[in-house]
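Take a look at the structure below.
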Amino acid sequence: MSILDINKIRKDFPILDEKVNGRDLVYFDNAATTQKPSIVLDALANYYGHYNANIHRGIHFLAEKATSAFEDSRTTIQKFLNAAHKEEIIFTYGTTDGINLVAQTYGRKFLKEGDEIIISTLEHHSNIVPWQMLCAEKGCVLRVIPIDDKGDLILEEYEKMLSEKTKFVSVVHVSNALGTINDVKFIIDKAHAVGAKVLIDGAQASSHITIDVQALDADFYAFSAHKLFGPTGMGVLYGKSDVLNAMPPYRGGGEMIKEVTFEKTTYNELPYKFEAGTPNIADVVAVKFAIDYINDLGKENIAAYEDELLKYATEQLSDISGLSIVGQAKEKVSVVSFVLDGVHPQDVGVILDQQGIAVRTGHHCTQPLMNRLGLPGTSRASFAVYNTKQEIDKLIAGIHKVKKMVL
Ligand code: PMP
């Protein structure tokens, strides 16, 4: 039994009162994006309603208030990741943006023809394509850590791949498609032993796992606010300050400069060097409230409860004949992907939707992983702290209905 009061938590998320197709909404698409608690919605309205102003350069009251709320968020995130310095927190538009930043700045400056970049079979497209683009430009070689049939990385193969040619490793912390939790500490240590830098895609990990970038010794860690009860269009790239300092800026414009003349521009210090233009002020301000919300509930409590949901769902789904769970890694977060014999995942999604149940179907932006598994796609239920076992019962009943209707 969880020590969290789930009914009380559900009241914090107004969207959970919505009806979909005449039924109570059952939202099991949390790996795509999580719902937002009132405290985050209020923070957005409060910012726009009471202290909307552009930040940093203003000397008037509103500008100072907005700047201070904006920078408070940075401090909150620094603590959330246990980063050593506040300036190591770069605001981005999301995980994708953070990975592109690193590929386009660190990658273009430090990687050259013949250098090897290692990713894994579990990667989301956003941690594949930026590296392919870099490889096409620089003549680097992309190598891919294989997985076993359960969805765990084969780390012995990773160790064999590492050599003095390895210059960068970019690996997902938690798979969005299968829920696999990777041993990123091991991956980082082995990469560092050959002198490579490491980026961890924390898009899925940030809401489920306590992250300590110093203990991990990650060079870069990227995540998106919208996966942890925060707004869309806002993300974070953590980078070690010495590495970030050595990198050229990403985008040019206001805020990222120290001095501009037509002959020459000098760049601002961290973190502003990487934050050109007016940032996403409202969403940055609001993410602090999302993280405070998580901290108040306690990440361990959230993880323990989600684990209960995962176990329950796994047991219940396993009892359905013709249903196979895809991805049975040793360590998983609360994501269950499954396929139903003779039924296309899209049909599963459509029929569940008619019953008010939101799941995701398809390749989950992991086409190479689906190819490896020999599947066109899966149906995926992903749970958050506001979900309940009663909702999982509705999913199970819904799948029986799918079978009746299609088979
Ligand atoms: N990596 C993983 C593992 C993800 O799940 C996602 C989002 N589905 C991303 C990267 C990309 O995140 P965003 O779209 O917020 O940039």
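The values are calculated or read from the model by the stated rules, or taken from the named source; none is laboratory data. What you see is a predicted model; the values in this text were computed from it and never measured. Glycine also receives a Cβ, built like all others from the backbone with ideal geometry; neighbour counts cover every protein chain displayed. All accessible areas refer to the heavy atoms of the entire protein, side chains included, with ligands and DNA or RNA removed. Shrake-Rupley method; radii C 1.70, N 1.55, O 1.52, S 1.80 Å.
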Cross-chain or 6+ apart pairs with Cβ under 7 Å, the stretch 287-314 first and closer than 10 Å to V385 by Cβ, then of a type in the set (S, T, N, Q) and open to solvent by less than 10 Å² (accessible area, probe 1.4 Å): E306/S334; L309/S334; L309/N387
Enumeration of residues in the stretch 301-323 that are under 22 Å from N182 (Cα atoms) and either in contact with a helix residue (DSSP H, G or I) (Cβ under 9 Å, 6 or more places away or on another chain) or β-branched (V, I, T) (or both): I302, Y305, E308, L309, A313, T314
Pair list, Cβ < 7 Å and 6+ apart or interchain, from the stretch 128-152 residues that are in contact (Cβ under 8 Å) with a residue 60 or more places away in the chain and under 19 Å from V326 (Cα atoms) to residues that are among the basic types (K, R) and buried (at least 19 other Cβ atoms within 10 Å of the Cβ): none
Test: residue in the stretch 175-191 that is on the phi > 0 side of the Ramachandran plot and either within 13 Å of the ligand (Cβ to nearest atom) or not small (G, A, S) (or both): yes
Failed condition for Q354, given (1) closer than 16 Å to K394 by Cα; (2) open to solvent by less than 40 Å² (accessible area, probe 1.4 Å); (3) out of contact with any strand residue (DSSP E or B) (no Cβ under 8 Å at 6 or more places or on another chain): (2)
Matching entry among T67, T95 (being of a type in the set (V, I, T) and surrounded by 20 or more Cβ atoms within 10 Å (Cβ to Cβ)): T95
Residues of the stretch 225-263 classified as within 12 Å of the ligand (Cβ to nearest atom), under 27 Å from I188 (Cβ atoms) and either open to solvent by less than 10 Å² (accessible area, probe 1.4 Å) or part of a loop (DSSP other than H, G, I, E, B) (or both), total: 7
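Yes or no, residue by residue, for (1) among the hydroxyl-bearing types (S, T, Y); (2) surrounded by 16 or more Cβ atoms within 10 Å (Cβ to Cβ); (3) in a helix (DSSP H, G or I); (4) under 19 Å from the mean Cα position of the chain (by Cα):
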{"residue": "D283", "(1), (2), (3), (4)": "no, yes, yes, yes"}
{"residue": "Y293", "(1), (2), (3), (4)": "yes, yes, yes, yes"}
{"residue": "A303", "(1), (2), (3), (4)": "no, yes, yes, yes"}
{"residue": "E306", "(1), (2), (3), (4)": "no, yes, yes, yes"}
{"residue": "A313", "(1), (2), (3), (4)": "no, yes, yes, no"}
{"residue": "K330", "(1), (2), (3), (4)": "no, no, no, no"}
{"residue": "F338", "(1), (2), (3), (4)": "no, yes, no, no"}
{"residue": "V348", "(1), (2), (3), (4)": "no, yes, yes, no"}
{"residue": "R372", "(1), (2), (3), (4)": "no, yes, yes, no"}
